[in-house]
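The values are calculated or read from the model by the stated rules, or taken from the named source; none is laboratory data. Keep in mind that this is a model prediction, so the values were computed, not measured. All Cβ positions, glycine included, derive from the backbone under ideal geometry; neighbour counts span all protein chains shown. Only protein heavy atoms, including side chains, enter the accessible area calculation; ligands, DNA and RNA are left aside. Shrake-Rupley method; radii C 1.70, N 1.55, O 1.52, S 1.80 Å.
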Amino acid sequence: MALTFGANGANMGMNEIGGSAIVFKRKYRWTFDVLWNNQKVPSAFVKVANRPNLTIEETEINYLHGKMWIPGKGSWESITVSYYDIGGTGASGMQTLWNWLASVYNFTDPNSLSQTSRRGLDGQEGGWAAVGTLTMYDGTGATMETWELKNMWPTAVNFGDLDYGASEEVTLELTLRFSEATYTPSCGIQKPIPSKIGCN
């Protein structure tokens with residue numbers, strides 16, 4: 001719907017964004033699960049995460065005095081996820097996370113420092129690759145969008161700082177690299193349809 005104009009200019013109301021059927025996506029309605037070796041790291045242990053960032057390279061075209069740019073290759077940027085660092089008999093999901101980290105780079109054994117060589121298959125075979133699933137919800141718990149991140153592994157592990165004067169919980173921060181992201185929208189938004197104009 002276009003802006004409507006009165007005698008004195010634009011309509012300064014909320015217009016479409018104030019419509020009765022609009023549902024805002026909220027920063028606190030989401031979960032992030034990791035599947036590795038057919039085991040899941042529960043989303044309840046996650047404190048902070050973010051949606052993926054996509055960077056598209058600029059390809060520079062030069063001719064005589066002029067230059068222009070066209071879109072080039074796209075690449076997904078790493079994401080950062082922070083976990084509550086917990087223990088106890090109810091922390092089996094965190095055991096899965098620690099096992100995954102040690103499989104990528106076994107920091108628990110300074111003599112061998114082994115690494116899993118195989119990627120594995122979609123978080124199922126115990127290789128270095130896990131699958132991350134980020135889901136956003138509306139206020140009733142209905143899914144608004146899902147991101148599936150495949151071939152995922154940690155490029156950095158921050159075991160967190162300690163402070164005698166602080167009362168906060170200890171966290172474990174991971175920087176996660178992935179090769180493939182699948183975006184699935186819902187709740188009124190359809191999957192994007194790209195233009196496929198080619199040579200003909």
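Okay, here's what the table says:
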{"quantity": "Subset of the stretch 130-152 [surrounded by 15 or more Cβ atoms within 10 Å (Cβ to Cβ) and among the hydrophobic types (A, V, I, L, M, F, W, C)]", "calculated": "Ala130, Val131, Leu134, Met136, Met144, Trp147, Leu149, Met152"}
{"quantity": "Members of the stretch 78-112 that are of a type in the set (Asp, Glu) and either in contact with a Pro (Cβ under 7 Å, 6 or more places away or on another chain) or over 18 Å from Asn158 (Cβ atoms) (or both)", "calculated": "Asp109"}
{"quantity": "Pick from the stretch 84-97, criterion surrounded by fewer than 16 Cβ atoms within 10 Å (Cβ to Cβ) and part of a helix (DSSP H, G or I), ranking: modelled with the lowest pLDDT", "calculated": "Ser92"}
{"quantity": "Some residue of the stretch 99-119 being of a type in the set (Ser, Thr, Tyr), part of a loop (DSSP other than H, G, I, E, B) and surrounded by 17 or more Cβ atoms within 10 Å (Cβ to Cβ)", "calculated": "yes"}
{"quantity": "Subset of the stretch 55-83 [part of a strand (DSSP E or B), in contact (Cβ under 8 Å) with a residue 24 or more places away in the chain and not small (Gly, Ala, Ser)]", "calculated": "Trp76, Ile79, Thr80, Val81, Tyr83"}
{"quantity": "Options Thr140, Thr175; residue that is within 21 Å of Phe45 (Cα to Cα) and of a type in the set (Val, Ile, Thr)", "calculated": "Thr175"}
{"quantity": "Cβ pairs under 7 Å, 6+ apart, first in the stretch 103-119 and of a type in the set (Lys, Arg), second open to solvent by less than 70 Å² (accessible area, probe 1.4 Å)", "calculated": "Arg118/Gly127; Arg119/Gly127; Arg119/Trp128; Arg119/Ala129; Arg119/Asn151"}
{"quantity": "Among the candidates Gly127, Gly123, residue that is out of contact with any Ser or Thr (no Cβ under 9 Å at 6 or more places or on another chain), open to solvent by less than 70 Å² (accessible area, probe 1.4 Å) and either under 17 Å from Arg177 (Cα atoms) or of a type in the set (Asp, Glu) (or both)", "calculated": "Gly123"}
{"quantity": "Members of the stretch 30-54 that are under 14 Å from the mean Cα position of the chain (by Cα) and assigned to a loop (DSSP other than H, G, I, E, B)", "calculated": "Ala49, Asn50, Arg51, Pro52, Asn53"}
{"quantity": "Selection count where residues are modelled with pLDDT under 95 and either small (Gly, Ala, Ser) or part of a strand (DSSP E or B) (or both), scope the stretch 154-165", "calculated": "1"}
{"quantity": "Condition met for Glu16 (touching a Lys or Arg at 6+ places or on another chain (Cβ under 6 Å), open to solvent by 60 Å² or more (accessible area, probe 1.4 Å) and either of a type in the set (A, V, I, L, M, F, W, C) or farther than 17 Å from Pro154 by Cβ (or both))", "calculated": "no"}
{"quantity": "Single unsatisfied condition, Trp128 versus (1) of a type in the set (Phe, Trp, Tyr); (2) touching a helix residue (DSSP H, G or I) at 6+ places or on another chain (Cβ under 9 Å); (3) modelled with pLDDT of 95 or more", "calculated": "(3)"}
{"quantity": "Scope the stretch 153-200; condition loosely packed, with under 13 Cβ neighbours inside 10 Å, among the hydroxyl-bearing types (Ser, Thr, Tyr) and farther than 30 Å from Ala21 by Cβ; matching residues", "calculated": "Thr155, Tyr164, Ser167"}
